[in-house]
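Working notes, structure below.
We did not get these values from a lab; they are worked out from the coordinates using the rules stated. Values in this document were obtained by computation on a predicted structure and should not be read as measured data. A quick note on method: Cβ atoms are made from the backbone with ideal geometry, for glycine too, and the neighbour counts reach across all protein chains shown.
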Amino acid sequence: MKVQTIAEMTATGKSPDVLFWVGCAGSFDDRAQQITKAIARILDHAGVNFAVLGGEESCTGDPAKRAGNEFLFQMQAAQNIAVLNGYGIKRIVTGCPHCFNVLRNEYPELGGDYQVMHHTQFIQELIADGRLRIEGEQPFKGKRITFHDPCYLGRANGEYTAPRAALQQLDAELVEMRRCKKKGLCCGAGGAQMFKDAEPGTAEVNHLRSKEALDTQPKIIATGCPFCNTMMTDGVKHHGAESKVDVKDIAELIADAANLI
Amino acid sequence: MKSSSRGANKHQMALSQYVFFLLLVATASVFTRRILAVRRNILLGRDIDRSDRKGERWANMARVALGQSKMVVRPVSGILHIIVYVGFIVINLEMLEIVIDGMFGTHRVFADLLGGSQGLYGLMIGAFEWLALGVLLACVVFLIRRNVLRIARFHSAEMKPWPKSDANIILVTEIVLMSAFLLMNASDGLMHEEFAFALSSSLQPLLAGFSEAGLHLIERGAWWLHIVGVMAFLIYITYSKHFHILLAFPNTWYARLEPMGQMDNMAAVKKEVDLMMDPNVDPYAAPPEGEQAEAPAAFGARDVQDLTWKQLMEAYSCTECGRCTSVCPASLSGKKLSPRKVMMDTRDRLEEVGKAIGKADKAVSKDGAACANWGGDGKSLLGDYISEEELWACTTCQACVEACPLNIEPMGIILDLRRNLIMEDSKAPDPITSMFNNVENNGAPWAFPAADRGKWADSLDSETN
């Protein structure tokens with residue numbers, strides 16, 4: 001399959017229905033690239049007319065804003081909005097809840113008004129519309145899966161059902177952690193924590209959270225955020241459970257179940 | 001007839017009415033002055049418009065404050081709290097009668113109007129009594145939770161002796177007030193059969209040995225203890241974490257209605273960014289005619305005056321329950337940050353600033369000069385109260401905001417303090433500075449070139465579907 005950039009697509013006189021906003025982690029982080037590919041495969045398989053920005057995409061400014069650098073955030077926003085509006089983008093799907101939150105909530109006031117969806121919402125929509133079918137022998141049938149709510153999808157934007165509805169398709173055994181949905185515990189990466197060392201304390205946040213996930217005795221810990229994925233993967237390793245428990249993004253699980261990987 | 005049975009002579013009655021009236025006026029004046037001082041302190045904050053979407057605001061207040069919807073997320077403390085809350089509001093209906101009785105020397109002035117103890121009046125007082133018992137028992141359980149079971153969130157670092165005593169004083173006061181109410185009714189019922197009510201009657205054996213005069217003394221004593229206690233309590237709460245019983249309502253009405261993840265785009269920054277992005281703007285041009293060149297305000301918040309009035313209102317609304325801290329990932333992992341402490345620090349600092357401004361104003365007005373400008377005390381919320389270490393531990397996960405039964409947003413204050421650190425002082429941990437540089441230079445928080453953004457797709461190119 002060929003993932004087209006919007007520049008390439010525009011050059012052929014076409015325009016995408018959906019812009020796939022990849023995000024920095026999804027573009028550059030080795031592990032997150034696997035998630036990005038899974039999302040691209042799903043979009044392609046479902047026949048979605050999509051494109052990416054490629055080199056024209058730039059950080060939304062989320063980590064800068066949350067660290068207090070509003071100037072840098074708004075500079076990034078202005079630059080991105082100019083690009084998005086320049087291409088006449090209406091609809092955006094992103095694999096990162098942080099990008100999702102910023103694009104959906106903080107860009108409109110700055111002149112960037114788009115319909116923004118998190119990839120789990122879009123996947124759920126594709127399934128509901130019958131554009132994506134999960135059939136045949138199910139690789140996750142009966143396996144215990146627990147979903148870790150990303151703060152910026154769940155609490156920040158109130159989306160708890162779409163990722164769970166997507167997981168329902170897997171015919172697996174979904175189990176909830178003690179803290180879930182509104183009460184979900186952060187993985188420890190948000191608010192620019194991903195890019196710095198933690199302050200002195202008695203524990204690492206991701207160790208606490210992955211312990212809560214492991215307490216449900218899952219086969220798979222499902223995530224919906226590349227940063228959560230990193231934090232939970234490290235946490236599972238810390239607890240020495242990496243040989244028994246996989247940490248996978250919902251996009252990867254769905255792509256696998258639909259025989260796309 | 002009823003009133004004549006309680007006073008021995010008219011002179012004594014007049015004296016008690018006089019004392020009551022004086023106490024009432026004194027309470028009202030002290031309370032009003034304190035409310036005005038708190039209002040002045042809150043209005044030291046920056047302006048923010050929270051007057052839109054009135055329908056949603058009323059609904060929010062009805063659900064969160066009146067309906068206690070977020071309290072019951074934790075069922076034990078939630079349900080006990082509702083008993084105390086309902087008890088407090090309903091039993092206070094009785095206060096109206098007490099005030100009228102106190103001022104006019106009557107006794108249970110509503111009894112005849114509402115059909116006596118066999119009618120509506122008896123039904124109401126009976127209900128109040130059961131609620132009073134509920135409140136009393138709930139407060140006992142609360143005392144046990146705080147002092148015997150020592151539930152963790154009541155004993156973290158910021159719970160110093162004063163906040164701990166504050167909670168205990170409130171609980172003991174409520175127990176005393178409810179006991180006085182029940183004792184008053186029990187003794188009254190023994191003296192006047194027409195005032196025997198369901199629950200308090202069962203306390204009467206306790207008072208069996210007392211003479212008529214003794215019972216009268218107990219009844220009057222309990223009556224005065226109740227009303228004076230309520231007056232003292234009313235003043236006390238304005239200095240206490242218990243202020244939430246009043247501020248819960250405006251605080252939820254003015255609460256932010258946007259999605260929790262949405263953080264405000266600073267207008268002052270937008271102006272500057274617009275200027276930078278607009279090639280037609282001359283940044284050195286004088287402001288247009290009639291438009292004052294604004295003094296550049298500081299970015300973010302260094303001290304309480306830099307926060308919004310809503311944030312300052314939140315500081316006074318916080319009742320230090322610690323639900324925020326008990327779910328904060330930073331607090332849970334033993335870091336110094338505690339969202340509750342952020343709110344307590346903001347309130348303490350605001351009280352300090354408010355007092356200093358009050359003093360400065362008084363000193364100046366004695367000389368007959370105009371209103372003083374307080375020159376500051378060299379301290380600030382950032383640094384002297386809240387450290388950088390605390391600020392940098394926040395993951396902005398919003399768990400504190402979600403957990404707060406009053407929709408207080410400790411995270412908003414943390415963000416504004418971070419903004420000041422970064423945009424005024426350029427003070428950040430080194431890795432954060434590197435992240436800023438990477439975003440600025442490469443458009444990503446890591447040092448990867450933008451040209452490599454699409455590389456992930458290369459391996460897909462060879463695949464066919």
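Here are a few things to note about the model shown:
- Point-charge dipole on Cβ atoms (K/R +1, D/E -1) for the stretch A:6-126, about Cα centre, debye to 20: 180 debye
- Centroid-to-centroid separation of the stretch A:63-109 and the stretch B:368-428 [C-alpha atoms, Å]: 25 Å
- Percent of alpha-carbon pairs separated by more than 14 Å within the stretch B:176-242: 58 percent
- Residues of type lysines that A:K196 reaches as a straight line, Cα spacing below 18 Å, ignoring anything fewer than 8 places off in the same chain: A:K65, B:K335, B:K336, B:K427
- Given charges at beta-carbon only (K, R positive; D, E negative), |dipole| of the protein assembly as shown in Debye: 2020 debye
- Rounded Å value of the spacing that divides the Cα centres of the stretch A:177-248 and the stretch B:179-201: 60 Å
- Residue mean of other protein chain beta carbons inside 10 Å, A:50-60: 4
- Radius 12 Å from Cβ of B:I100, net charge of other residues (Lys, Arg +1; Asp, Glu -1): -2
- Farthest toward positive dipole pole in chain B [+1 Lys/Arg, -1 Asp/Glu at C-beta], among B:L381, B:G443, B:V281: B:L381
- Each other residue within a Cβ distance under 14 Å of A:I261 adds +1 if Lys or Arg and -1 if Asp or Glu, for a net charge of -3.
- Between A:E199, A:E106, A:E135, the Gaussian network model of chain A with springs among Cα atoms under 10 angstrom shows the greatest mean-square fluctuation at A:E199.
- Think of each Lys and Arg Cβ as +1 and each Asp and Glu Cβ as -1; about the Cα centre, that makes the dipole of the stretch A:134-257 roughly 440 debye.
- Span from the the stretch B:85-147 Cα centroid across to the the stretch A:139-163 one, whole angstrom: 49 Å
- Most mobile listed residue (A:S243, A:S15, A:S27) in chain A, GNM with C-alpha springs under 10 Å: A:S243
- Scanning chain B for long hydrophobic helices, with DSSP H runs required to stretch 30 angstrom or more by C-alpha along their axis and to average at least 0.0 on the Kyte-Doolittle scale, returns B:10-42, B:120-147, B:161-191, B:212-237.
- Amide hydrogen neighbours beyond the local backbone of A:V175, cut-off 5 Å, H modeled: A:I145, A:T146, A:F147
- Max mean-square fluctuation residue, GNM over chain A, Cα-Cα springs under 10 Å, options A:A128, A:A165, A:A77: A:A128
- Ranked by the mean number of other Cβ atoms within 10 Å of their residues, highest first, the peptides A:244-252, B:252-260 fall in the order A:244-252, B:252-260.
- Residues with amide H under 5 Å from that of A:D249, placed H, sequence gap 5 or more: A:T223
- Residue ranges B:176-189, B:414-427 sort as B:176-189, B:414-427 when ordered by packing (mean number of other C-beta atoms within 10 Å per residue, highest first).
- Listed by number, the DSSP H helices of chain A that run 30 Å or longer by alpha-carbon position along their axis and have mean Kyte hydropathy of at least 1.6 come to an empty list.
- Peptides B:197-208, B:378-389 ordered by average Cβ neighbours within 10 Å, highest first: B:378-389, B:197-208
- Residue-averaged beta-carbon neighbours from other chains (10 angstrom radius) around A:26-34: 4
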